[in-house]
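Notes to accompany the following structure.
The values are calculated or read from the model by the stated rules, or taken from the named source; none is laboratory data. In this text the structure is predicted, and so the values were computed from the model without any measurement. Every residue, glycine among them, receives a Cβ derived from its backbone with ideal geometry; neighbour counts consider all protein chains shown. Remember, those area values only see protein heavy atoms, side chains included, never the ligands or the DNA or RNA. Shrake-Rupley method; radii C 1.70, N 1.55, O 1.52, S 1.80 Å.
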Amino acid sequence: MSEAPAPAAPLAPLPTTGIGSLPHTQLELALQLALRVDIPYLPQLPMKDPAELMLPQALEGLPGLRFDREGAVTVQLAEWERRAADFEDELEQALATGTVAAFEPSAGFACAWRPFLWEVESRRLPVAKVQHAGPSTTRWALELDDGRPASALPRLGQQLYRLALARTIAMTRALLDRGATPLVFLDEPALGLLAPDEDTSHRRMFEELRLLIAALRGEGAIVGVHCCWSADWSSVLELGADLLSFDTALSLPALAAQAQALERFEDRGGSLALGLVPTDGREADLEALAARVVATLRGAGKAGERLLERALLTPACGLALRSVAQCERVFDSLKGVQRLFRERLARD
Amino acid sequence: MTRQDRIAALTEALSSRVLVLDGAMGTAIQALGLPAEAFGGPQLEGCNEHLLLTRPDAIRAIHAGYLEAGADILETNTFGATPLVLGEYGLADRARQINEAGARIARELADRFTTADRPRWVAGSVGPTTRPLSVTGGLSFEELVEHYLVQLAGLHEGGVDYFLFETCQDTRNIKAALMAAERLFDQGAEPIPIAVSGTVEAGGTMLAGQSVDALAVSLEHLDLLYLGLNCATGPEGMADQLRSLSARTRSRVGCLPNAGLPDDEGRYLQTPERFAAALSRFGREGWVNVVGGCCGTDQRHIAALAEAFRGLAPRRPPCERRSALSGVDVVEVTEQTRPVLVGERANVLGSKKFRELVAAERFDEAAEIARAQVKKGAQVIDLSTQQADRDERADLRRLLEKVVQKVRAPLMIDSTDAGTVAMALTWCQGKSIINSVNLEDGERRFEEITRLARRFGAALVVGSIDERGQAIDRQRKLEIARRSFELLTGRYGMAAEELYFDPLVFPCASGDAAYHGSAIETLEAVREIKRALPGAKTVLGISNVSFGLPAAGRPIVNSVFLHHCVEAGLDLALVNPEGTRRYPAIDAHERKLAEDVLFCRGTGESIGKRLERAVAAFVDYFREHKPKAVELASLPLDERLARHVIEGTKDGLVEDLDEKLETTPALEIVNGPLMRAMDEVGRLFNANQLIIAEVLQSAEVMKAAVSHLERSMERAGAARRGKVLLATVKGDVHDIGKNLVDIILSNNGFEVIDLGVKVGSDRLLEAVREHRPDVIGLSGLLVKSAHQMAATAEDLDRAGIEVPLLVGGAALSRSFVDRRIARSYGGLVAYAGDAMSGLDLAKRLVEPARRTALAAELAARRDSDAFLSAPPPAAAAIHTRRAAQIAPCPHAPQPPDFKRHVLEGSLDEIWAYLNPVMLYGRHLGIKSAVVRGIDTASPAELARTEPGRKALELRKAVEAMKRECRAGAMRARAVYRFFRAESEGNAVRLFEPGASDAAVELSFQRQPGPEGLCLADFVSPVGGAPDSLCLFLTTAGEGVRERAEAYKERGDYLKSHLIQALALETAEAFAELLHSKLRARWGFADGPELTMLDRFRASYRGRRFSFGYPACPRLEQQELVFRLLQPEELGVTLTEGCMMDPEASISALVFHHPQATYFSVLEPRSD
């Protein structure tokens, strides 16, 4: 990770950002909220259109894709088989020549994408965050219309990886083109379900993810992995990502227990995005929360201390299923936590 | 303390706390075990009221006991003290004396217990008598009024603080009591408040049939002290009713339950603690203002109640009005339910058969015509017996005697004679509608009829006629409507929601040149009236339009005209529901012939010529043809089955189903052609091609089909998987979904107990206890049913039920189930998206191992989704000091008026204000440098580069889309209103004209620091110069989502995106244009030198701000903007999440202050 790209402009310590989804159905109001945080992010609006749910949005363009209002995704085999070769040609052409712009999200699947780019450019934002479901998660969640998992078709799995690669590179380049350093988060909740040593398919998924991260870093993005479930953290820390985003209440103790892996991660310049403000209904005692997180990370030694100093702060997860008022409160709380963290670090 | 002082104190106390009434009087008297002599001898034993004369000490002691227990209000011991009831004891002539004594005794005790900080009040108890007029009859309305008058006079004389009409079982009796009170006050008695308390039986209705909703609608015209419920059940059994009442009424709400249900020996056994605990839940829910006890309650119950309600806040009654009518049943008149169909055949002018039956005095058969209309889909019945050669009033009275027994729908009383209308209204339990008033004789008829309307709570049809005659063109129609509206809502005290404007329908082909094009004028008048008169509704007698045309073609013209009227916004349509054809089912050629006549289309230099030719073509065609019906027999079988559902016809349905059964299993028929047809019905409804009444007819056909097929489905044998209790929830009669689930479960080994429709919590609880099911299935179609399911789940939970709950229905979503229903219920709750998933879930629920897995699966998802409202973070110290650098405006400009204005914008005028940078750059992704050239550079210049060529293509596509929009794909509308405004600290108060109390107070955040800005700084502070602020809302989103979806379906993704982007920017451009006009209205119009670029840079005086943006980021206050502007009229609604729907809508607060500037109250980003 020595060649990790540095942020284009310095950010004040402990910057805040969001995870992705918001409950809004009015694009402009969602954008206003997503622009309030220190690292503005591309809002996903699944309540406006289920095409903006994590999986459909990531799989836009896949032949035979179908999705329902809950975000469950399937592939119509007959259609996929008919168009698979053409799709592979498109991917091959784009990745081989680097002309990936056609893989940017369309307005039908990410209505905020173009307005967000416009805001990035006109506000001259130094860093902007986007997120995209990672290939492990799409492969895990996608089913064929005959009920089999996507993994039953290795050719389809390969397409999922290449589609994620083409789309995230396209997004990275679009942000770079607007003058911002891209912060690309790969949303990988399925990592919690995969153990890299379990079987070859799991190992391959981890390998693919590692390759994807390397490719994006090569494009100039800062790359993060977001996993809001429990996971084999030592393996996740070794993926080569610049940032690891997680729900602190759920995973911080388990993560901190991986002292050696954490130290290697920190040593390579890695940072943590601490999912602090609960989005699951737990009433947050922000003081206690801050104290607990600081104590846990400091307990992980010097690496923990340094990771604390350069952490990003976020809500614990996406907010699409909350009300707009709740969502606003979460972001208010996030600002409050940021103040507490800064005070605590300054004091100590 | 005078009585008026006490009443003022009572009103004030009701606004600050929940008041406690006393408990049962009969129970307390019974507990004394008085001998017969105490009542005045064996013949008077049981006449509790007579004790007021024979044993006043006993009544005093009971009152004192309740006051000591903590009651705020005593009820007089006069429940049965009308001469009518006392007459049964031979005491009719002592009624006044008894009532006066009852009031004096209670007054004496209340005064004795009153202290400076704790007044006590007296309610004059008036029972329902022994004669509910609608049920037993036996005396006339007028006689009943006289009985009540005697009682009220005695109570008033004795010093009660208000009249309480309680245990009401028939709204006609309530109306008689109300009329008696009015008469008493007219005779010079000092007016005092009135409260009404109904008794809803366990079956969910009052004895005379009305539900609590119907009761509330019937009395909503009154300024009651409170409207409540008493008796019948214990508090638990009142939850459903009270929840409905609280949601419905604008009055305060009272609740006086029995001490539970009586046991076999008639004893009420609910303990005071349980009674108070059950009632206090209603307090915590915010449903009540007054509580107390009825049968079986005593001092201990009242003491527990007083304790339980200490510190609980009273209910805050909502202030918005709704348009609704009622008979025994309620009909809401909303955007979702319109057009409400009014059956026109029970009218001597509308039906020859009816006229003949009335003439023959065969009123029972005449009333059958009214009933038949309801069966065919009429929701309101127009009644008229006005004939020159007969006694209209006598005929109508005799007809009403029969009609009220046969028809539950609201009635429209159609008469020009005020006496006849007055008589008719005494026969109606509910909120009727009077047809009609107008200005033909100036205001005479307004004066006459509005008095009746206000007395009986009736709505009014207001005709477009004035002293100059009938209005034919739209301007005159609107002008008369406006004048009538102002008079009726101003001088005559009617609410806008009670007015139904009739712009009049004229025969479109009468040959009279005055009526050429009159159908168009009527249509446009409907549109204009809806726009111009907020809250008011419209009504038309549709059939008039086709008068004079061949009989065979009249239903076609009527149906086509109705379709266009509904599109224009019509609320009530007088039609013959049997003769109405479905618009999509009308042959295209016949539809065109009808539209040519209605809209005077075709060739010809003048409108007269065009109409003449159109009528000739129509007449020629229909002389030789009957209206084309689709030849069902010639269609393939599946299509025939679908047509039955889509057209709502059962003719031949059974035969077709039987034919299909020869090759296809019944369940497949249901899930195949029938369900697909219902989907099509839904699509046609969404496309405005079907009206709600037609959708319900289709549902009826579907139901009949399912019911026929059910016989052909083999039920599984004795092996039972489990027992399922099914019900459609309270307030909903739609049971197709439930019936499907029943069939599917029954055919898969489940024992199903179907409780039917409109099942309240009580009935469900009873059934659960009786049948002990393995699963409870709840279904419902309506949006309100989703909330009812949550309420039902809550009631089941409260009763300790933990049986798994399976919920489904059109209005439910998985997230609603997870967030609302599952959280209200301790047992397992699963959502079934359709009948087949219901089967799968039911199977899992009855197998222990699979149920555990399902529970874990659901819990895992809900745990990850759960969001209990977290409290907002501790607020930073807020300061409210006005920023010194913003000087108050010494001479604030004054707007020309404070009226609400609704505008229809010209798209081309609006697009002149379109910001190309936002449309092409922000939404369509053209680079800024290219966007700047898009409207200035030549095409050739742009075509030199790839981005330029792309921009050119997009501009072409945008222009094409604009052409579609001009042709009707987009409509831009706005509403704005100036308000008087003042600021105090961080708040801005807005005032209605002439009001001293603020209509709303908007609270804003302030930037931190001593010079921090707040929007309130841009408004004059309290005591400063008179100031104003404007609110507006623009929208260009109507139908855009649907069009975008349709383009997407067709694979035209660019157009799908273009129309959405164009709509968003059109709403924004309209905001810019409107803001410019508002500056002019304030008196500082933009100078000619101001360019469009200057406008986009806000280089003008004042600013507009929208909620959700940095100066006022909190979205919650959108609700206040909506309350003041009522943009629902434009089709814009506010979601629970404070999002505007449709999306392409902008709301804004406009400030004129010269120093107004954009700023952010948010903490700056850390970059």
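Looking only at residues that are of a type in the set (S, T, N, Q) and closer than 25 Å to B:Phe898 by Cβ in the stretch B:1116-1144, which one is nearest to the other protein chains (Cβ to nearest Cβ)? Steps first, please.
Step one: list which residues in the stretch B:1116-1144 are of a type in the set (S, T, N, Q), which gives B:1117-1118, B:1126, B:1133, B:1135.
Then drop every residue that is not closer than 25 Å to B:Phe898 by Cβ, which leaves B:1117-1118, B:1126, B:1133.
Values: B:Gln1117: 11, B:Gln1118: 10, B:Gln1126: 20, B:Thr1133: 11 Å.
The residue in question is B:Gln1118.
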Among (1) more than 30 Å from B:Ala832 (Cβ to Cβ); (2) surrounded by 16 or more Cβ atoms within 10 Å (Cβ to Cβ); (3) in contact (Cβ under 8 Å) with a residue 12 or more places away in the chain, A:Gly71 falls short only on (1)
Contacts under 6 angstrom Cβ, first residue in the stretch B:830-857 being of a type in the set (Phe, Trp, Tyr), partner assigned to a helix (DSSP H, G or I), 6 or more apart:
B:Tyr831/B:Arg814; B:Tyr831/B:Val817
Quick one: B:Ser837 ticks every box in (1) more than 21 Å from B:Asp679 (Cβ to Cβ); (2) modelled with pLDDT under 80 bar one, so which box is it?
(1)
Restricting to the stretch A:47-66, and then to whatever is part of a loop (DSSP other than H, G, I, E, B) and among the small types (Gly, Ala, Ser), can you tell me which residue is farthest from the other protein chains (Cβ to nearest Cβ)?
A:Gly64
Name the pairs whose Cβ atoms lie under 7 Å apart, with the first residue in the stretch A:205-230 and hydroxyl-bearing (Ser, Thr, Tyr), the second not in a loop (DSSP other than H, G, I, E, B), and 6 or more positions between them or separate chains?
A:Ser230/A:Gly192; A:Ser230/A:Leu250; A:Ser230/A:Ser251; A:Ser230/A:Ala254
Regarding A:Gln44, is this residue away from every other protein chain (no Cβ under 14 Å), touching a Phe, Trp or Tyr at 6+ places or on another chain (Cβ under 6 Å), surrounded by 24 or more Cβ atoms within 10 Å (Cβ to Cβ) and touching a residue at least 60 places away in the same chain (Cβ under 8 Å)?
no
All but one of (1) in a loop (DSSP other than H, G, I, E, B); (2) within 13 Å of chain A (Cβ to nearest Cβ); (3) touching a strand residue (DSSP E or B) at 6+ places or on another chain (Cβ under 9 Å) hold for B:Ser1147, so report the exception by its number.
(1)
Quick check on this structure: which one of B:Ala372, B:Ala424, B:Ala378 is open to solvent by less than 10 Å² (accessible area, probe 1.4 Å) and part of a helix (DSSP H, G or I)?
B:Ala424
With respect to the numbered conditions (1) at pLDDT below 95; (2) farther than 22 Å from A:Glu81 by Cβ; (3) among the hydrophobic types (A, V, I, L, M, F, W, C); (4) open to solvent by less than 30 Å² (accessible area, probe 1.4 Å), which one is the sole condition not fulfilled by A:Ala128?
(1)
Mind telling me which of the residues A:Ala303, A:Ala291, A:Ala273 ends up being in contact (Cβ under 8 Å) with a residue 24 or more places away in the chain and either charged (D, E, K, R) or buried (at least 22 other Cβ atoms within 10 Å of the Cβ) (or both)?
A:Ala273
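Being facing chain B (nearest Cβ under 9 Å), under 18 Å from A:Leu255 (Cα atoms) and buried (at least 21 other Cβ atoms within 10 Å of the Cβ) is true for just one of A:Cys317, A:Cys327. Which residue is that? Full working, then the answer.
Values: A:Cys327 fails: under 18 Å from A:Leu255 (Cα atoms).
That would be A:Cys317, the only listed residue that is facing chain B (nearest Cβ under 9 Å), under 18 Å from A:Leu255 (Cα atoms) and buried (at least 21 other Cβ atoms within 10 Å of the Cβ).
How many residues, within the stretch B:141-159, are open to solvent by 50 Å² or more (accessible area, probe 1.4 Å) and not hydrophobic (A, V, I, L, M, F, W, C)?
First, the residues of the stretch B:141-159 that are open to solvent by 50 Å² or more (accessible area, probe 1.4 Å): B:142-143, B:146, B:150, B:157.
Pick out the ones that are also not hydrophobic (A, V, I, L, M, F, W, C) and you get B:142-143, B:146, B:157.
Count: 4.
Scan the stretch A:181-197 and tell me whether some residue there is farther than 23 Å from A:Val37 by Cβ and among the charged types (D, E, K, R).
The initial filter retains those residues of the stretch A:181-197 that are farther than 23 Å from A:Val37 by Cβ, namely A:190-197.
With the extra rule that they be among the charged types (D, E, K, R), the set shrinks to A:197.
Yes, the stretch A:181-197 contains at least one residue that is farther than 23 Å from A:Val37 by Cβ and among the charged types (D, E, K, R).
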Out of curiosity, is B:Leu504 in contact with a Lys or Arg (Cβ under 9 Å, 6 or more places away or on another chain), assigned to a loop (DSSP other than H, G, I, E, B) and either without any contact (Cβ under 8 Å) to a residue 24 or more places away in the chain or open to solvent by 20 Å² or more (accessible area, probe 1.4 Å) (or both)?
yes
Can you find even one residue in the stretch B:1016-1023 that is touching a Ser or Thr at 6+ places or on another chain (Cβ under 8 Å), in a strand (DSSP E or B), touching a residue at least 40 places away in the same chain (Cβ under 8 Å) and closer than 24 Å to B:Gln1118 by Cβ?
no
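Given the options B:Leu86, B:Leu109, B:Leu53, name the one that is open to solvent by 20 Å² or more (accessible area, probe 1.4 Å), at pLDDT 90 or above and either among the small types (Gly, Ala, Ser) or in a helix (DSSP H, G or I) (or both). If you could, list the steps in order and put the result at the bottom.
Working: B:Leu86 fails: open to solvent by 20 Å² or more (accessible area, probe 1.4 Å); B:Leu109 fails: open to solvent by 20 Å² or more (accessible area, probe 1.4 Å).
When all the criteria are applied, what remains is B:Leu53.
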Which pairs have Cβ atoms under 7 Å, sit 6 or more apart or on different chains, and link a residue in the stretch B:345-357 that is under 16 Å from B:Glu392 (Cβ atoms) to one that is open to solvent by less than 10 Å² (accessible area, probe 1.4 Å) and in a loop (DSSP other than H, G, I, E, B)?
B:Val348/B:Thr385; B:Phe354/B:Ala346; B:Phe354/B:Val348; B:Arg355/B:Val348
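For B:Arg1081, indicate whether it is among the basic types (Lys, Arg) and within 14 Å of another protein chain (Cβ to nearest Cβ). Steps first, answer last, please.
On the way: among the basic types (Lys, Arg): yes; within 14 Å of another protein chain (Cβ to nearest Cβ): no.
The answer is no for B:Arg1081.
Restricting to the stretch B:112-131, what's the tally of residues that are assigned to a loop (DSSP other than H, G, I, E, B), more than 21 Å from B:Gly158 (Cα to Cα) and not β-branched (Val, Ile, Thr)? Can you show your working first?
Taking the stretch B:112-131 and keeping what is assigned to a loop (DSSP other than H, G, I, E, B), we get B:114, B:116-117, B:119-120, B:127-131.
Of the ones still in play, those that are also more than 21 Å from B:Gly158 (Cα to Cα) are B:116-117, B:130-131.
When the remaining residues are screened for being not β-branched (Val, Ile, Thr), the result is B:116-117, B:131.
The qualifying residues number 3.
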Residues of the stretch B:298-342 classified as of a type outside the set (S, T, N, Q), in contact with an Asp or Glu (Cβ under 8 Å, 6 or more places away or on another chain) and under 16 Å from B:Tyr500 (Cα atoms), total
9
Sort out which residues of the stretch B:271-304 are open to solvent by less than 20 Å² (accessible area, probe 1.4 Å), assigned to a loop (DSSP other than H, G, I, E, B) and either aliphatic (A, V, I, L, M) or touching a Phe, Trp or Tyr at 6+ places or on another chain (Cβ under 8 Å) (or both), and write them in order of number.
B:Val288, B:Asn289, B:Gly293, B:Gly296, B:Thr297
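Select, from B:Val404, B:Val328, the only residue that is at pLDDT below 90, closer than 30 Å to B:Arg243 by Cβ, open to solvent by less than 30 Å² (accessible area, probe 1.4 Å) and not aromatic (Phe, Trp, Tyr). Steps first, please.
Values: B:Val404 fails: open to solvent by less than 30 Å² (accessible area, probe 1.4 Å).
Criteria check complete, one pass: B:Val328.
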Could you list, in sequence order, the residues of the stretch A:106-121 that are farther than 16 Å from B:Gln1060 by Cα and facing chain B (nearest Cβ under 9 Å)?
A:Leu117, A:Trp118, A:Glu119, A:Glu121
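Here's a check for you: in the stretch B:736-758, which residue that is part of a strand (DSSP E or B), at pLDDT 85 or above and hydrophobic (A, V, I, L, M, F, W, C) is surrounded by the fewest Cβ atoms within 10 Å (Cβ to Cβ)? Please lay out each step first, then the result.
Taking the stretch B:736-758 and keeping what is part of a strand (DSSP E or B), we get B:750-754.
Now narrow it down to the ones that are at pLDDT 85 or above: B:751-754.
After this cut, where a residue has to be hydrophobic (A, V, I, L, M, F, W, C) as well, the list is B:752-753.
On the way: B:Val752: 22, B:Ile753: 17.
The qualifying residue surrounded by the fewest Cβ atoms within 10 Å (Cβ to Cβ) is B:Ile753.
Please determine whether any residue of the stretch B:248-257 is more than 28 Å from B:Ser323 (Cβ to Cβ), touching a residue at least 12 places away in the same chain (Cβ under 8 Å) and not hydroxyl-bearing (Ser, Thr, Tyr). Break it down stepwise before answering.
Of all residues in the stretch B:248-257, those more than 28 Å from B:Ser323 (Cβ to Cβ) come to B:256-257.
Now drop any that are not touching a residue at least 12 places away in the same chain (Cβ under 8 Å), which leaves B:256-257.
From what's left, not hydroxyl-bearing (Ser, Thr, Tyr): B:256-257.
Yes, because at least one residue in the stretch B:248-257 is more than 28 Å from B:Ser323 (Cβ to Cβ), touching a residue at least 12 places away in the same chain (Cβ under 8 Å) and not hydroxyl-bearing (Ser, Thr, Tyr).
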Residues that are more than 14 Å from chain B (Cβ to nearest Cβ) and assigned to a strand (DSSP E or B), drawn from the stretch A:67-94:
A:Val73, A:Thr74, A:Val75
